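S.K.: Pasting a structure here, questions to come.
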Amino acid sequence: MALPMTRVHPSQFRIDNFEIVSTADRFPVWLHQDSTGCVLDVHVVPNARRTELDGEHGGALRVRLGAPAVDGKANAALTDYLAQCCELPRRAVQLKSGLSARRKRVWIDAPIDAVWLRLSALLQQSG
């Protein structure tokens, strides 16, 4: 006996490892829509062995950076790495707040769907 196939609307899709605001909202709490792009809440871990996405930490995307937190090197490494992850030019990724803090807000000049698609694929590969 064959089981009936049911279709699931994309808005009902959930990723188990990430906190989703609601099933109607497909994006995690650390990714927000902006008028001209999207904003990413990031928790930075400088001086890591390698630069990588490392899941979620306190409602923010955790990014481990191989660069030290000295003279803006970690900030430059963060924007370069996120641009590389999203396959965007470096000028499309800008640090909006948290210049000297571990918690940062990053503005990305790209549609939120495209950013989430690329970041979720990288997070699933790493984890």
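S.K.: Which of the residues that make up segment 60-81 are of a type outside the set (Ser, Thr, Tyr) and closer than 21 Å to Asp113 by Cβ? Step through it out loud before you land on a result.
M.R.: From segment 60-81, those of a type outside the set (Ser, Thr, Tyr) are 60-78, 80; that's our starting set.
Listed by number, the residues that qualify are Ala60, Leu61, Val63.
S.K.: Could you grab me the full set of residues in segment 96-127 that are in contact with a Phe, Trp or Tyr (Cβ under 8 Å, 6 or more places away or on another chain) and either more than 20 Å from Gly59 (Cβ to Cβ) or aliphatic (A, V, I, L, M) (or both)?
M.R.: Matches in segment 96-127: Ile112, Leu123.
S.K.: Checking Ser120 against (1) under 22 Å from Ala48 (Cβ atoms); (2) modelled with pLDDT under 95; (3) open to solvent by 40 Å² or more (accessible area, probe 1.4 Å), which test does it fail?
M.R.: Of the numbered conditions (1) under 22 Å from Ala48 (Cβ atoms); (2) modelled with pLDDT under 95; (3) open to solvent by 40 Å² or more (accessible area, probe 1.4 Å), the odd one out for Ser120 is (3).
The values are calculated or read from the model by the stated rules, or taken from the named source; none is laboratory data. What you see is a predicted model; the values in this text were computed from it and never measured. Methodologically, a virtual Cβ is constructed for each residue, glycine included, from the backbone with ideal geometry; neighbour enumeration extends over all protein chains shown. To get the accessible areas, we keep the full protein, side chains included, count just its heavy atoms, and leave off ligands, DNA and RNA. Shrake-Rupley method; radii C 1.70, N 1.55, O 1.52, S 1.80 Å.
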